[in-house]
Structure formats: structure tokens, C-alpha cells
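Some notes on the structure that comes next.
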Amino acid sequence: VQLQASGGGLVQAGGSLRVACAVSGTTLRLNRMDWYRQAAGKQREWVAGIPNDGTTNYADSVKGRFTISRDNVRNLLYLQMNSLKPEDTAVYYCTVERFGRNYWGQGTQVTVSS
């Protein structure tokens, strides 16, 4: 299973950005998918998750501003980020769980300027 994140970039505070994650390789029986992020000098933190049933959950810091979604046909994971804040600046990583093992993408940089 390989994951490729894309869509990061530089955006002004208050703006929007959508990052995507393409899953390739063995894509059968992909279970829960999540986004994490890691700001410079800080620990990686969980941002949002979406199991196979389509329910979603979010960290309190992004609730109401970010939306996670998945396309199970094209094996894509998205994170729509609105009302971005400078504290959202981080490298964003996608993960997928398959048969109890977690796979990680390489990350995409999101920078929010004030």
C-alpha cells in the first residue's frame, strides 16, 4: 500500500485549501483513513478520521473548519480546510489502516500566513 499526499501550499489566514491522498498498490479492504499533522518542533497530532462507514470525527482544534472525505472507488482521501489559521501550519500526513497495519504517506506542507 502506497500513499501520496498532494495539494499543500501557501495560503493567507482565513483562506481555504484542499489536500488529497491517493492510495495505490493493494487497495482492497482499506479500513479507517486519517489525517495527521506535524508542526515544526512539535509532536505529530491527529486531525481527522473517517472509517469505512463514512462517519467522521475531528480534533477539537479543527472541528467546524475542516472536512474529511473519502472516495472508495478511486481510493482517494481528502481534507478540505476552511478558515485556516497560522497555527494550522504543518506537514499534513495521510494514513490508512489495512488488516491492523497502518500505512503512511510522505506528507504535504501547508503554510498559513498571518
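The values are calculated or read from the model by the stated rules, or taken from the named source; none is laboratory data. The structure presented is a predicted model; accordingly, all values stated were derived computationally and were not measured. We place every Cβ from the backbone using ideal geometry, glycine too, and count neighbours over all the protein chains shown. Side chains included, ligands, DNA and RNA excluded: accessible areas come from the protein's heavy atoms. Shrake-Rupley method; radii C 1.70, N 1.55, O 1.52, S 1.80 Å.
Those residues that are free of Cβ contacts under 8 Å to residues at least 60 places away in the same chain and farther than 14 Å from L10 by Cβ, I need them from the stretch 78-114; list them, please.
Those that are free of Cβ contacts under 8 Å to residues at least 60 places away in the same chain and farther than 14 Å from L10 by Cβ: E87, G100, R101, N102.
Residues in the stretch 29-37: is at least one more than 15 Å from N102 (Cα to Cα), part of a loop (DSSP other than H, G, I, E, B) and of a type in the set (A, V, I, L, M, F, W, C)?
Within the stretch 29-37, none of the residues are more than 15 Å from N102 (Cα to Cα), part of a loop (DSSP other than H, G, I, E, B) and of a type in the set (A, V, I, L, M, F, W, C).
Specify the residue that is modelled with the lowest pLDDT; the eligible residues are those in the stretch 31-56 that are in contact with a strand residue (DSSP E or B) (Cβ under 7 Å, 6 or more places away or on another chain) and open to solvent by 40 Å² or more (accessible area, probe 1.4 Å).
N31
Would you point out the residue of the stretch 99-114, among those that are at pLDDT 95 or above and touching a Leu at 6+ places or on another chain (Cβ under 8 Å), that is most open to solvent (accessible area, probe 1.4 Å)?
W104
Considering (1) modelled with pLDDT of 95 or more; (2) part of a loop (DSSP other than H, G, I, E, B); (3) open to solvent by 30 Å² or more (accessible area, probe 1.4 Å); (4) of a type in the set (G, A, S), say which one A22 fails and leave the rest.
Going through (1) modelled with pLDDT of 95 or more; (2) part of a loop (DSSP other than H, G, I, E, B); (3) open to solvent by 30 Å² or more (accessible area, probe 1.4 Å); (4) of a type in the set (G, A, S) one by one, A22 breaks only (2).
Identify all residues within the stretch 1-16 that are open to solvent by 30 Å² or more (accessible area, probe 1.4 Å) and closer than 21 Å to K85 by Cβ; write none if there are none. Quick ask: steps written out before the conclusion?
Going residue by residue through the stretch 1-16, those that are open to solvent by 30 Å² or more (accessible area, probe 1.4 Å) are 1-2, 4, 6-8, 10, 12-14, 16.
Once the filter is applied, which keeps residues that are open to solvent by 30 Å² or more (accessible area, probe 1.4 Å) and closer than 21 Å to K85 by Cβ, the stretch 1-16 yields G7, G8, L10, Q12, A13, G14, S16.
Counting just the residues of the stretch 57-98 that are loosely packed, with under 14 Cβ neighbours inside 10 Å and touching a strand residue (DSSP E or B) at 6+ places or on another chain (Cβ under 6 Å), which one comes out farthest from A20 (Cα to Cα)?
So, considering only residues that are loosely packed, with under 14 Cβ neighbours inside 10 Å and touching a strand residue (DSSP E or B) at 6+ places or on another chain (Cβ under 6 Å), the one farthest from A20 (Cα to Cα) is P86.
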